[in-house]
Each structure stands twice: as C-alpha cells, then as structure tokens.
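Novice: Okay, handing you the structure first.
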Amino acid sequence: MAGAIIENMSTKKLCIVGGILLVFQVIAFLVGGLIAPSPTTAVPYTSVKCIDVRKNHHKAKWLVPWGPNHCEKLKDFEEAVSRQIEANDIVFAVHIPLPSKEMSPWFQFMLFIMQLDIAFKMDNDLKENAEITLDVSLAYRDDMFDEWEEIAHAIEIRKLKCTFGSPKTLESEGRHYDCDFLPFMEIGSVAHKYYLINIRLPVNERKGINVGIGEIKDIRLVGIHQNGGFTKVWFAMKTFLTPSILIIMVWYWRRITLMTRAPVLLEKVIFALGISMTFINIPVEWFSIGFDWTWMLLFGDIRQGIFYAMLLSFWIIFCGEHMMDQNERNRLSGYWKQVGPIAVGSFCLFIFDMCERGVQLKNPFYSIWTTEVGTELAMAFIIVAGICLCLYFLFLCFMVFQVFRNISGKQSSLPAMSKARRLHYEGLIFRFKFLMLITLACAAMTVIFFIVSQVTEGHWKWGDITIQVNSAFFTGIYGMWNLYVFALMFLYAPSHKNYGDDQSNGDLGVNSGEELQLTTTITHVDGPTEVYKLARKEAQE
C-alpha cells in the first residue's frame, strides 16, 4: 500500500512537471507571436547615378547620393551621352539607411541582394551567359559630417540570368529584361549609424569587361536586417533559458555522480546534449551591441551545427541503448557506423560555411555561388551532407524498427519473467515509447511551423490582435527544443529514493545474472528514473 501511495505521488509530480513545461511552451510561442515584431525587415534602395569628377582634382573619394557634400547627379544615361560622360566616370551610390534614419547594432546583420534594370536595345543586346564586373566599395561613419571610413573594396563578377518575353525587334526596344536577383553583400554586424556603397561598372572593350551586358538603366538593392524589437525579445529568451538549462544540468549530473556506479553512455550523451544546448543559449550576442563582431553569423552557425549533430547522435544512441538484449551497449565505439555519417555530414557543412561566411569576414561582397568552381564545390559539399543525412535516417529507422520489434517480443513474455526482470523491461518500454512520442511531436511541430511561416504573409490578424507567425516560429521552436532537453535530463536522472524493504534484491528474486543485466542501463538497482518509477507501479499491481 505504501509503495502504491509513493508511486501515485511520483506520477502526480511527473504530470505537474509536464504541465509546467507545456505552459512554458505556449508562452514561448505567444512571446514571439504577440510581443516580438517580425524577425526581419526588407528595405528597397535605388542607386543614384553620380559623376566621378576626381579626374578634375576633386578630393572626395566617396560619392554620396544625398546630404552634405552630395555628388553631382545624372538623371539618366541619355544625359550622360549628351554631356559626353563615359561609363567609367559613372558611379552608382547607395546610402544606408534612407534619409532621416539611422542603423542600429540591434539590427545584428545586413544582407543585400541586387536587381539590375536592363533595357533591350538592338545595337547593345544582352549576350547569352553574360557576366557583369562590379567594382564595389563599402564605407561607414557615425556622424553626418564625419569622413567616410572604408570597410571593404572588391572586384566581383556576377552571372546574369535574364529572359526577354517579347520578340527582339525595333518595336521592343526600351523594354526591360526579367533578370534574377543577384547576391550582393552580407555583413555580420551593424555597428555604425551610416553606410555608403559605391558601385562602378568598369568598361574595357579590349579585355571584354562589361561588354554585351545590355543597356543598364538602374541598379536596385534590397537590404534585409533583423528588427531591433525582435532582437531584444530573442536576447531576453536566451538570457532566461541559459540559467534554466544550467540548473537542470547541475542537478542531473549531481544525481549521477552520487551513484555507486560509473555514468553509463546514455547518461553521458544526455549531459553532452545539455552542454550543446547551453552553448547555443549563452547570450554572447549582448556583446555585439557594443563591439563590431562581424563573425557572429558564422559563430551562430557553428553553435547550431554542434547542437544538431549532438541531437542526431543522441537519437541513434538512445535507440541502441534500448535494444535490451544487445551486447554492444554502453560503448560509443559500437555506434561508429551510425555516428560516422553525422560527423562526415557536419564536417562538409562546416567547410561549406567557412567557404561562404568565413571568406565574407574579409570580403562581405563574396559569394561562393558566383563562380562555376565555387558552385560545383558548394553543391559537392551539400550533396555529400545530404547523402550522409539519408544514410543516417536509414540507420535510425532500422534501429527504431528493431527496438519496436524487440519490444513486441518482450511484452508477450513479460508475465513469465521474475518481478525484477519484468520491472526492468517495463521501464525501458515505457520511457522509449514516451520519448519517441515527444520526439515525433517536436519534429512535427518544427516542420509544421516552418511550412506555415513560409506560406503565410508573416502575420495573422484576428480583430485588433496581430500575431507574427514568423516570430512565433523562431521563439516557439527555440523554446521547444530547450524544453525537450530539460525533459530528457529530468526523466533520465537516477533517483535515490528508498521505496521500502520490498525493493531489495532478495525480495525481488533477482539472481546474479539478472542483477548484472539491470546494471547495463539506468537501472532500478542503481536508482530508477522518474519514468522507471511509473512503470514500477504497474509491475507491483
């Protein structure tokens, strides 16, 4: 009777914890949906055509489209022809942000894409597979009257992919091509108030530079940056979740170290998963508000990669440790076939990220997709990573199938087992099914919210209430995986409670062989987990 009362209390406690986690999950979605604004903002910019008069002893290096000391402007290229201004003397200038606004470190990053307005002309047609050469420079200042300071300068080549929907006749002259957007620039911090972009299109007919690119009328940019309001909400979540996961990690590892046995493999992997989650949570982004840390985007990718690699490894080892009769348990070397593809895939994605964002630390205009060699190299890394991911899921599905087949066989023979052995297997079965359900629910919610965020307009409006779907996706999914790791460490932490004399080996009828088997996983003899104690109640009845 006393044991049943204790088990009822344990079940009630577990239900309470589950309810609290569910409440926090709902709050995580609501914080993004109701409090945070949209994660990003896209701002269109149209370049201003300036005349580069430095040949006439003008001292200014940077040509500014508006404001103090703005450049001499051209209305269009017809004016340039009438004034006999050569193409090499024209600079496309873009000031960031728009007039009467300022950039802020809370914007975190800037991503720019380019669109060219190219008109059809019979004597200046756009050649097939044409390439445009850009002489681009980026500068900053923090006061409208300060001198511009250079950040980067580069000569970049972009391939033009354009279509023309009308017959190429005299009647079609003046109509514009439909051109794809081109990657232009990405910078990992917004540490200054004002930025200036100068774009030149150098022409050299002898070398074939910028020849056969059509008649360019305008250069347009679209700048994308993170919203400051969303950044503050995101930082607040990370600041709150960091100590939460740290506390449960300390509690979890302390429970393990109090055991008389050494930690088993599954316990170590869960602890490592908690460390990787903490690595993501630590809000080092706060320092980006005061420091010009352009490497934060790359650092964020590395942190996420470590967590996902650890999560995928955990799922494999979790299934393997629940094979029950498998002799290779509790040894990481026994999982090299399954963990190997994770390591190879992660390494390929890391190299790809270093080739893209790593190079952008020095040259923000660089893109690996702009050259044939770079595109082939990037696709090779992505394809290898995709193959490794497919192999991983084949291994995972096979192991899940084996576990469920093993479970079916054990369930039919449970009544004939001794009390201790039956209790052991019921605990394994219960916690495996329970975690499989939670894992599938988390994965399903991630996929569903990602699809919803892509197909919707970014927000839903119910009366006077506006829900930011994209923000809810980011905060909700981020909170969900934190709660997933929290639940893992709570459910799989060994218990040190004494449930009475009926728990002794003699009363349970455990022989030496059974006792040895029980110690190969997180066992009742060494201290049952919270999930294990739930299964014990059914065994007692």
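The values are calculated or read from the model by the stated rules, or taken from the named source; none is laboratory data. Bear in mind that the values here come from a model prediction, so they are computed numbers and not experimental data. Using ideal geometry, Cβ is built from the backbone for each residue, glycine included, and neighbour counts are taken over all protein chains shown. Quick note on the areas: whole protein, heavy atoms, side chains included, nothing else; ligands and nucleic acids left out. Shrake-Rupley method; radii C 1.70, N 1.55, O 1.52, S 1.80 Å.
Novice: For region 294-309, just list the computed ³J(HN,Hα) in residue order, Karplus coefficients 6.51, -1.76 and 1.60, θ = phi - 60°, integers in Hz, with x standing in for Gly and Pro.
Specialist: Whole-Hz 3J(HN,Hα) from phi for region 294-309: 6, 8, 5, 5, 5, 4, x, 5, 5, 4, 5, x, 4, 5, 5, 4.
Novice: Using a 1.4 Å probe and ignoring any ligands, DNA or RNA, find the accessible area of Phe350 and quote it in Å² to the nearest 10.
Specialist: Phe350 exposes around 90 Å² with every protein chain in place.
Novice: Enter the accessible area of Trp315 (Å², nearest 10), with the probe set to 1.4 Å and all protein chains included.
Specialist: 30 Å²
Novice: Continuing with the same structure: Are there trypsin sites (Lys or Arg not before Pro) in region 70-119 that DSSP marks as loop and that have at most 14 other Cβ atoms within 10 Å, and which are they?
Specialist: Qualifying residues, ordered by number: Lys75, Arg83, Lys101.
Novice: Keeping all protein chains in the complex and leaving out DNA, RNA and ligands, what accessible area do you get for Thr239 with a 1.4 Å probe, in Å² to the nearest 10?
Specialist: That residue has around 60 Å² of solvent-accessible surface.
Novice: In nm, to one decimal, how far is the modelled label at Ala380 from the one at Asn363, with both set 7 Å along Cα→Cβ?
Specialist: In this crude label model, Ala380 to Asn363 measures out at 1.9 nm.
Novice: Does region 46-160 come out rounded, prolate or oblate by the C-alpha gyration tensor, with a ≥ b ≥ c the root eigenvalues, rounded set by a/c under 1.5 and, if not, prolate when a/b is larger than b/c and oblate if not?
Specialist: Oblate is the answer for region 46-160, as a/c is 1.5 or above yet b/c matches or exceeds a/b.
Novice: What ranking of Ile382, Ile477 comes out by heavy-atom accessible area, probe 1.4 Å, highest first?
Specialist: I get Ile382, Ile477, largest accessible area first.
Novice: With an 8 Å cut-off on Cα pairs and a minimum separation of 6 or more residues, tell me the relative contact order of region 42-226 in percent.
Specialist: Relative contact order for region 42-226 comes out at 36 percent.
Novice: May I pose another question? Considering only DSSP states other than H, G, I, E and B, which trypsin sites (Lys or Arg not before Pro) in region 271-368 qualify as loop sites with at most 13 other Cβ atoms within 10 Å?
Specialist: Arg331, Lys362
Novice: With a Förster radius of 60 Å, plug the Cβ-Cβ distance of Lys127 and Ile275 into 1/(1 + (r/R0)^6) and report the FRET value to the nearest 0.05.
Specialist: 0.65
Novice: Something else: Pairs of Cα atoms under 8 Å, at least six residues apart: use those to get the relative contact order of region 229-360, whole percent.
Specialist: Reported relative contact order: 27 percent.
Novice: On a full-extension model of 0.36 nm per residue, what is the gain between Ile224 and Asp292, subtracting their alpha-carbon distance, rounded to one decimal in nm?
Specialist: 22.6 nm
Novice: Would you pull out the residues with amide H under 5 Å of Gln108's amide H, same chain only if 5 or more places away, H placed 1.01 Å from N?
Specialist: Val190
Novice: Rounded if a/c is under 1.5, else prolate if a/b is larger than b/c, else oblate: which is region 287-388, with a ≥ b ≥ c the root eigenvalues of its Cα gyration tensor?
Specialist: Oblate, since a/c reaches 1.5 and b/c is not below a/b.
Novice: Label-point separation (nm) for Cys355 and Ala444, each offset 7 Å from Cα along Cα-to-Cβ?
Specialist: About 3.8 nm separates the two model spin labels.
Novice: Something else about it: Restricting attention to region 198-288, which GluC sites (Glu not before Pro) occupy a DSSP loop and are surrounded by at most 16 other Cβ atoms within 10 Å?
Specialist: When the GluC sites (Glu not before Pro) of region 198-288 are filtered for loop state and at most 16 Cβ neighbours within 10 Å, Glu205 remain.
Novice: Please give me the summed charge of the neighbours of Met144: other residues whose Cβ is under 13 Å from its Cβ, Lys and Arg +1, Asp and Glu -1.
Specialist: In short, -2.
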